[in-house]
Amino acid sequence: MRIILHIWRQRNAGEKGRMVRYELPNVSEHMSFLEMLDVLNEELTMKGEEPVAFDHDCREGICGMCGAMVNGIAHGPLPGTTLCQLHMRHFKDGDELYLEPWRARAFPVVKDLVVDRSAFDRIIAAGGFISVATGSAPDGNAIPVQKESAENSMDAAACIGCGACVAMCPNASASLFLGAKIAHLGLLPQGQPERESRAVAMVAQANRELFGSCTNIGECEAVCPKDIKLEVIARMNRDFIRAKCGVG
Ligand code: FES
């Protein structure tokens, strides 16, 4: 099928970007979205032009590296799907696709579709961990965990930190990411000692990184490729309020 692409091209963080039109006349419906971009890049390279820079690694929907806005939707039109798991069979002959990088002040553009998401790393470094005394590994069942807590924690731990939630949020809020990381540790017994200080430290770091605030719009949940639910934001807010006010 024939696909027309309009792709954000920006040489580096300091230069202005612009949309550039490309046409691919022979896209197979079996290709993944990133394979379609590979084909484009092969053609550009053959012509001596600069290939389109885009992030990717596992191409299996587990690493969180890929991501771009496709016609204004983070990771494209298929719910619960990363860009690398999106296949061209979901588009039709003659479709025009507009590809842009994540847009957020905390995610500056590095080049073309690649943005700097190291703000997420700094948020994790601020508190997204459990402090443990080193030593030999404890028995797997030494600390009992309630089934419901274990399941909710695992659901939150599915967050791959891709940044789609930020990109889709009109406030560029990182609340879904923060909530997921805080919930997956705070729901487990091992996460209790640092539960409140973790929420305070991670929220403070998110504010320093200039992410916006959550106003319950829900675009983040709608585009999350791992179906993280808004409930994690409520959990984060409860932990934060309890830490600050002693109630919650
Ligand atoms: S490349 Fe790893 S999630 Fe898409």
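Here are a few things to note about the model shown:
- Selection within segment 173-216 - in a loop (DSSP other than H, G, I, E, B) and aliphatic (A, V, I, L, M): Ala174, Leu187, Leu188, Leu210
- Cβ-Cβ under 9 Å pairs, at least 6 apart or on other chains, segment 44-65 side closer than 19 Å to Ala13 by Cβ and free of Cβ contacts under 8 Å to residues at least 40 places away in the same chain, far side within 15 Å of the ligand (Cβ to nearest atom) and of a type in the set (Val, Ile, Thr): none
- Every pair of residues 6+ apart whose Cβ atoms lie under 8 Å, when the first sits in segment 71-94 and is free of Cβ contacts under 8 Å to residues at least 40 places away in the same chain and within 18 Å of Ile228 (Cβ to Cβ) while the second is crowded, with 21+ Cβ neighbours inside 10 Å and among the aliphatic types (A, V, I, L, M): Leu78/Leu86
- Of all residues in segment 90-104 being assigned to a loop (DSSP other than H, G, I, E, B) and in contact with a Leu (Cβ under 8 Å, 6 or more places away or on another chain), the one that is farthest from the ligand (Cβ to nearest atom): Phe91
- Those residues of segment 98-150 which are among the basic types (Lys, Arg) and over 22 Å from the mean Cα position of the chain (by Cα), in sequence order: Lys147
- Looking only at residues of segment 17-63 that are within 22 Å of Thr82 (Cα to Cα) and among the aromatic types (Phe, Trp, Tyr), we find that the one that is surrounded by the most Cβ atoms within 10 Å (Cβ to Cβ) is Phe33.
- From Pro170, Pro144, Pro138, residue being outside any helix (DSSP H, G or I) and modelled with pLDDT of 95 or more: Pro170
- Conditions (1) away from the ligand (no atom under 16 Å from the Cβ); (2) in contact with a strand residue (DSSP E or B) (Cβ under 7 Å, 6 or more places away or on another chain); (3) not aliphatic (A, V, I, L, M); number of the one not met by Pro170: (2)
- Selection status of Ser153, in contact (Cβ under 8 Å) with a residue 60 or more places away in the chain and either over 14 Å from the mean Cα position of the chain (by Cα) or part of a helix (DSSP H, G or I) (or both): no
- Within segment 63-89, the set of residues being within 16 Å of the ligand (Cβ to nearest atom) and in a helix (DSSP H, G or I) comprises Leu83, Cys84, Gln85, Met88.
- Members of segment 217-242 that are in contact with a Lys or Arg (Cβ under 8 Å, 6 or more places away or on another chain) and either more than 17 Å from Cys162 (Cα to Cα) or part of a loop (DSSP other than H, G, I, E, B) (or both): Asp239
- Residue tally, condition assigned to a helix (DSSP H, G or I) and within 15 Å of the ligand (Cβ to nearest atom), over segment 10-62: 6
- Residues within segment 201-213 that are over 11 Å from Ile123 (Cα atoms) and either among the basic types (Lys, Arg) or more than 16 Å from the chain's Cα centre (by Cα) (or both), tallied: 2
The values are calculated or read from the model by the stated rules, or taken from the named source; none is laboratory data. None of these values were measured; they are calculated from a predicted model. Using ideal geometry, Cβ is built from the backbone for each residue, glycine included, and neighbour counts are taken over all protein chains shown.
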